[in-house]
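Participant: I am attaching a structure below and will ask some questions about it afterwards.
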């Protein structure tokens, strides 16, 4: 997992995007190929169809609220989402994203500053965010070093495997 | 120190910790259930792990998809049973025992001051007995099963000081809904909450479990009541000897809020957010298709009794399906003996097996597009119980029972007053 700055096309969602819309309970134990096709479909049916690898999800407050289901960040990762940038994250979603190696960035003002289809540039280490269409720049809160280390390793299971080898 | 700080200090072998610090803590109890256990064990096998850190400190429960509604669920259950055997897990509750968050306290797995992690967001429930319970994902639980440890950021704590006494039929479900409505779904994000004061001391353990269950619905990492005489008496009945446990008198809180319980009315959370809360009067008369009494929030004997008290001698409205799912076999048996289940069945309730029931939308009681349900559970997000075009309202068992009779959302203080 690189800590390099990244650029991507933006998909916008609102506040309180729940794990029930990221990973509906109805498909809870289905394989990821099935699950990811329903990710966010109840908020935007085109998302799981049209999202491309490298795209970035931008959202409001409390992103990923609800269940502990790791399938929520996993579905986004499987669809190729490069990063989720939100005003704030629900606690378990944040842990799970880090645990599976999906980059996330909390950034005040991001929901206002972006519209769907915009191009975003962001630096996970400094937290710097820029809208390449409007030129607007924002200062996000980079993850603490302890969490970035797990992300950089590729997730907590990679840390576990490395620990066993070491 | 706060309760969260005391527990994380002890579990990480330190004299003291402060909010914001990162610690690596030893976990006292690890929980997983049938939605995630196969994935957890799969991660262990893939990583070449052959034993768990302590088979005595792992609990596995089949509760979400019981009895198996699909061939895939049956296959997942079989895989989980095989892994339970292979890893020598001592505490395995197969389908029919009940919901994990009911079984943990009921079967004596929860101790005051313990650090409990589970692959379920409602693991905060166990703070009702002064344990630090919190939800994590499957990869992190696999890490815990392998190592017995996990990293934590010590949370700041918000304290709710409660005074006065509830006026029945107002319940502690109404309290936590009111707090969600007043402070918002992310009010306690990354934070712990403590419920204290003379009002909190008056809550029975069943009510404390309801409140701490929904602490996560205001974003909390942990939700706590102190382990007082009420908690210790509950624990003693379940063979757990424990000492009182609570915050230090000089604990530092990020915020203090007060609430007078005597001023509270029955509350309802409106679609599609747990913090969109109004007094019942604001939505009374809203037609419903389904009513649900159960879940880890409100599926205990006290909840079934409260519903039965409303429904005795009455009939569920012809246009409403009333579903009742006891939280555990022990609850089912006790409600059979007490006559509560008889009263519910006589009124026209459809009684489901002990387990999560329709709460999480896996099976058994899903909603069609355009349908409305009022339930005692903990979430009403879009698509939670079937169709994304269905609507879910949340309330106490008394309010749900009164609504089932009226055919529309009804005030339990005047259950016949439908439109």
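Every number here is computed from the coordinates shown, using simple stated rules; none is lab data. Since the structure is predicted, the reported quantities are computational estimates derived from the model, not experimental observations. So basically every Cβ, Gly included, is an ideal-geometry build from the backbone, and we count neighbours across all protein chains shown.
Participant: Per DSSP H run of n ≥ 4, the term is -39500 (n - 2.57); total these for chain B, divide by its residue number, and report the mean residue ellipticity at 222 nm rounded to 500 deg cm²/dmol.
Facilitator: Working: 14 runs with 129 residues, N = 419.
Mean residue ellipticity at 222 nm (helix-derived): -9000 deg cm²/dmol.
Participant: Here's another thing I want to ask about it. Apply the a/c threshold of 1.5 to the C-alpha gyration tensor of the protein assembly as shown and tell me whether it is rounded, prolate or oblate. Can you show the working numbers first?
Facilitator: Values: a/c = 1.44, a/b = 1.28, b/c = 1.13.
Because its axes are fairly even, with a/c under 1.5, the protein assembly as shown counts as rounded.
Participant: Does region B:54-202 come out rounded, prolate or oblate, given a ≥ b ≥ c as the square roots of the eigenvalues of its C-alpha gyration tensor, rounded meaning a/c under 1.5 and, failing that, prolate meaning a/b above b/c? Could the numbers behind the result be given before it?
Facilitator: Working: a/c = 2.17, a/b = 1.67, b/c = 1.30.
It comes out prolate by the Cα gyration axes.
Participant: I'd like to compare B:245-258, B:56-69: which one has the highest average count of other Cβ atoms within 10 Å, and what's the full order after that?
Facilitator: Details: B:245-258: 14.2, B:56-69: 21.8.
Packing order, densest peptide first, comes out as B:56-69, B:245-258.
Participant: For B:208-220, what's the mean count of beta carbons from other chains sitting within 10 Å of each residue's beta carbon? Kindly include the intermediate steps, with their values, before the conclusion.
Facilitator: On the way: counts 0, 0, 0, 0, 0, 0, 0, 0, 7, 2, 0, 7, 1.
Mean number of neighbouring Cβ atoms from other chains: 1.
Participant: Considering every residue in B:382-388, what mean count of other chain Cβ atoms within 10 Å of its Cβ is obtained? Walk me through the numbers on the way to the answer.
Facilitator: Details: counts 8, 10, 9, 3, 3, 2, 7.
For this peptide, the per-residue mean of nearby foreign Cβ atoms is 6.
Participant: Taking the beta-carbon count within 10 Å as an exposure proxy, list A:67, B:387 from fewest neighbours to most.
Facilitator: Numbers: A:67 31, B:387 17.
With the fewest neighbours first, A:67, B:387 line up as B:387, A:67.
Participant: Hey, another quick one. Mind telling me which of A:113, A:82, A:59 comes out most flexible in a GNM of chain A, alpha-carbon contacts under 10 Å?
Facilitator: Answer for the Gaussian network model of chain A: A:113.
Participant: Here's a follow-up. What nm distance separates the two modelled labels at residue B:342 and residue B:254, each placed 7 Å from Cα along Cα→Cβ?
Facilitator: Computed distance between label sites residue B:342 and residue B:254 equals 5.1 nm.
Participant: Which peptide among B:77-86, B:361-370 comes first, and what is the full order, when sorted by highest mean count of other Cβ atoms within 10 Å?
Facilitator: Peptide ranking by packing, descending: B:361-370, B:77-86.
Participant: Rounded, prolate or oblate, given the Cα gyration tensor of chain A, with a/c below 1.5 counting as rounded?
Facilitator: Working: a/c = 1.67, a/b = 1.07, b/c = 1.56.
It comes out oblate by the Cα gyration axes.
Participant: Can you say what percent of the DSSP beta bridges in chain B, counting only those with both residues inside, are antiparallel? Round to 5. Mind dumping the intermediate values first?
Facilitator: Details: 12 of 55 bridges.
Approximately 20 percent, going by the DSSP bridge assignments.
Participant: Given points 7 Å out from each Cα along the Cα-Cβ axis, report the residue A:37 to residue B:414 separation in nanometres with one decimal.
Facilitator: 5.2 nm
Participant: Count the DSSP beta bridges whose two residues both fall in the protein assembly as shown, then state the antiparallel fraction as a percent rounded to the nearest 5.
Facilitator: Numbers: 23 of 78 bridges.
Approximately 30 percent, going by the DSSP bridge assignments.
Participant: If you consider only alpha-carbon coordinates, what radius of gyration and Dmax does region A:109-162 have, in Å?
Facilitator: In Å, with Rg to one decimal and Dmax whole: 14.5, 43.
Participant: How big, on average over all directions, is the shadow cast by the Cα convex hull of region B:3-260, in nm²?
Facilitator: Details: hull surface 55.7 nm².
Result: a mean projected hull area of 13.9 nm².
Participant: Compute the distance in nm between two label points, each set 7 Å from the Cα along the Cα-to-Cβ direction, one at residue A:145 and one at residue B:149.
Facilitator: Simple spin-label model gives 1.8 nm for this pair.
Participant: If you don't mind, another one. Please compute, for peptide B:33-46, the average count of beta-carbon atoms on other protein chains lying within 10 Å of each residue's beta-carbon.
Facilitator: Details: counts 0, 2, 7, 7, 0, 1, 5, 1, 0, 0, 4, 2, 0, 2.
Mean inter-chain Cβ contacts per residue within 10 Å come to 2.
Participant: Rounded to the nearest 0.05, what FRET efficiency is calculated for residue B:368 and residue B:21 with R0 set to 56 Å and r the Cβ-Cβ distance?
Facilitator: Numbers: r = 50 Å, r/R0 = 0.88.
According to the calculation, E is roughly 0.70.
Participant: May I ask you to derive the relative contact order of chain A, considering only C-alpha pairs under 8 Å and at least 6 residues apart, and to give it as an integer percent? Spell out each step's value before the answer.
Facilitator: On the way: 369 pairs, mean separation 40.7, N = 166.
It comes to 25 percent, rounded to a whole number.
Participant: Could I ask something else about it? Pop the C-beta distance of residue B:167 and residue B:237 into the FRET formula with R0 = 35 Å and round what comes out to the nearest 0.05.
Facilitator: Given R0 = 35 Å and the Cβ-Cβ separation, E is 0.80.
Participant: Can you give the relative contact order of chain B as a percent, counting alpha carbon pairs under 8 Å and 6+ residues apart?
Facilitator: Details: 1097 pairs, mean separation 70.5, N = 419.
Value for chain B: 17 percent.
Participant: Counting only C-alpha contacts under 8 Å and six or more residues apart, can you give the relative contact order of region B:360-419 as a whole percent? All intermediate terms of the calculation are to be shown ahead of the outcome.
Facilitator: Details: 105 pairs, mean separation 15.9, N = 60.
Answer for region B:360-419 is 26 percent.
Participant: Can you work out the FRET efficiency for the pair residue B:51 and residue A:153, with r the C-beta to C-beta distance and R0 = 22 Å, to the nearest 0.05? Intermediate results must be reported in sequence, preceding the final value.
Facilitator: On the way: r = 24 Å, r/R0 = 1.07.
Efficiency, rounded to the nearest 0.05: 0.40.
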